[in-house]
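Worksheet: the structure to be examined is printed underneath.
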Amino acid sequence: MADYREAPLATRPKTLDPNEYFNVSPDQRRAEEGRAALRANLKRQYQTQLNNPHRQELIEDPALTRWVYARANPYTTFRPTFKTSLMGAMFGVLPLFVLYYAFKTDRDRKEDQIKAGTRERKFNLSS
């Protein structure tokens, strides 16, 4: 930890911040230990259910259930931000305007050439 140099554009990770790592109050330490004990207990219960050779029922994993739900319903967990709005405009709206401009200018250019007589119409619809 002593030889860690901070990157100029990145913040220091919490695990490497000495104030967060060493100067933790006893209440915070007890709360973190309680959360770790709860996670370990849930993991132990899941492992015993998973490795039970006589089980007949399906094992419910809440984390897997949440993950599958989030994958199946992406719009309920979507949060509109400036970045997502910008990406939506860039990939949804901007191509429409670019294509409109390209087709319109090409059509106007061809029409001006036909009116000036410098372009020959190969497929003349009115004979």
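The values are calculated or read from the model by the stated rules, or taken from the named source; none is laboratory data. Computed from a predicted model, the values in this text were never measured in an experiment. Positions of Cβ are backbone-derived with ideal geometry, glycine not excepted, and every protein chain shown enters the neighbour counts. Each accessible area value is taken on the protein alone, full model and side chains, heavy atoms only, with ligands, DNA and RNA left out. Shrake-Rupley method; radii C 1.70, N 1.55, O 1.52, S 1.80 Å.
Miscellaneous remarks
- If R0 equals 41 Å, the separation of the Cβ atoms of Y100 and L64 corresponds to a calculated FRET efficiency of about 0.35.
- Sorted largest first, extent of the range 1-60 alpha carbons per principal axis (Å): 55, 29, 17
- Potential extension, K122-V93 segment - 0.36 nm per residue separation minus Cα distance: 7.0 nm
- Element breakdown for the range 23-127 at a 1.4 angstrom probe: carbon and sulfur atoms account for 60% of the accessible area.
- For the range 13-127, radius of gyration divided by Kirkwood radius, i.e. Rg to Rh on alpha-carbons: 1.43
- Candidates per chymotrypsin sites (Phe, Trp or Tyr not before Pro) in the range 30-127, loop by DSSP, up to 12 other Cβ within 10 Å: Y75, F78, F123
- Among R12, R79, R35: highest mean-square fluctuation, GNM of the chain, C-alpha pairs under 10 Å: R12
- Under 20 Å from K14, Cα to Cα: aspartates and glutamates that are on another chain or at least 8 residues apart: D3, E6, D27, E32, E33
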